[in-house]
1. Amide H neighbours of THR83 under 5 Å, counting only residues 5+ apart in sequence or on other chains, H built in-plane at 1.01 Å?
2. Suppose a student asked you for the relative contact order of the range 1-105, using Cα pairs under 8 Å spaced at least 6 residues apart; what percent would you report?
3. Hey, can you list the DSSP H helices of the chain whose Cα span along the axis is 27 Å or longer and whose average Kyte-Doolittle score is at least -0.5?
4. Using the Cα gyration tensor of the chain, with a ≥ b ≥ c the square roots of its eigenvalues, what is the shape: rounded (a/c below 1.5), prolate (a/b larger than b/c) or oblate (neither)?
5. Taking N as the number of residues in the range 58-138, what value does Rg over Cα atoms divided by 2.2 N^0.38 Å take?
6. Ignoring ligands, DNA and RNA, please state the percent of accessible area on the chain from carbon and sulfur, probe 1.4 Å.
7. What is the dipole size for the chain, taken about its Cα centre, with +1 at each Lys and Arg Cβ and -1 at each Asp and Glu Cβ, in debye to the nearest 20?
8. Using a/c under 1.5 as the rounded threshold, could you call the range 26-83 rounded, prolate or oblate? The axes a ≥ b ≥ c are square roots of the C-alpha gyration tensor eigenvalues, and prolate needs a/b larger than b/c, oblate otherwise.
Amino acid sequence: MQAYQRSTQAFDDQVGRRLGLNPTDLRCLDWLVDQDRSARELAEATGLSSAATTAMIDRLEARGFVRRTRGDADRRKVIVSMTPEGRARTNEFYLPLVMEGMDILDRLTVAELRSMVTHLVAIRDLTDRHRRQLAEPGSPSGPTPGRS
């Protein structure tokens, strides 16, 4: 699992270099692939402050990767979405990987796929739980008060 995570991170790092994006900006785009998100959701997902999230969205918007709109129900809410150009630029690198990966998944039985999904959900939940614990002030390995 660790070898897979390192490989994925190295691939993402290379994509970021090709697109001229830092790892946090690329991670933001990853959160936007499957749905639009509020600026607040992106802040929580990336672990950035409100001001740093605004700066990240500004950078990505200036480069044509994202656009922001106001929420329909609450005009104070900022909704961020990938632009067609942003999607095309990232798909240039990720779509070939996804397509080839689909060929690998097609070789698995339904039972193997179910087992894989069960395992991936369980380790995602485990990782998310440990991440939340690390973020809690006062936890043995949580953030030091006054630092972020």
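1. Answer set, sorted by chain and number: VAL66, ARG67.
2. Numbers: 85 pairs, mean separation 23.8, N = 105.
Dividing the mean separation by the residue count of the range 1-105 yields 23 percent.
3. Values: long enough: 84-106 (30 Å, -0.33); 110-135 (37 Å, -0.21).
Helices meeting the criterion: 84-106, 110-135.
4. Values: a/c = 1.72, a/b = 1.16, b/c = 1.49.
Oblate shape, in that a/c is at least 1.5 and b/c is the bigger or equal ratio.
5. Details: Rg = 18.9 Å, N = 81, 2.2 N^0.38 = 11.7 Å.
Rg over 2.2 N^0.38 Å, computed on Cα atoms: 1.62.
6. Numbers: 5910 of 10730 Å².
Here it works out to 55 percent.
7. On the way: 23 positive and 21 negative charges, 106 e Å.
Roughly 500 debye, rounded to the nearest 20.
8. Values: a/c = 1.35, a/b = 1.16, b/c = 1.16.
Because its axes are fairly even, with a/c under 1.5, the range 26-83 counts as rounded.
The values are calculated or read from the model by the stated rules, or taken from the named source; none is laboratory data. The model shown is predicted, which means the values in this text are computed figures rather than measured ones. Ideal geometry is used to build each Cβ from the backbone, glycine not excepted, and the neighbour counts take in all protein chains shown. Note: accessible area is taken over every heavy atom of the protein model, side chains too, but ligands, DNA and RNA are not part of it. Shrake-Rupley method; radii C 1.70, N 1.55, O 1.52, S 1.80 Å.
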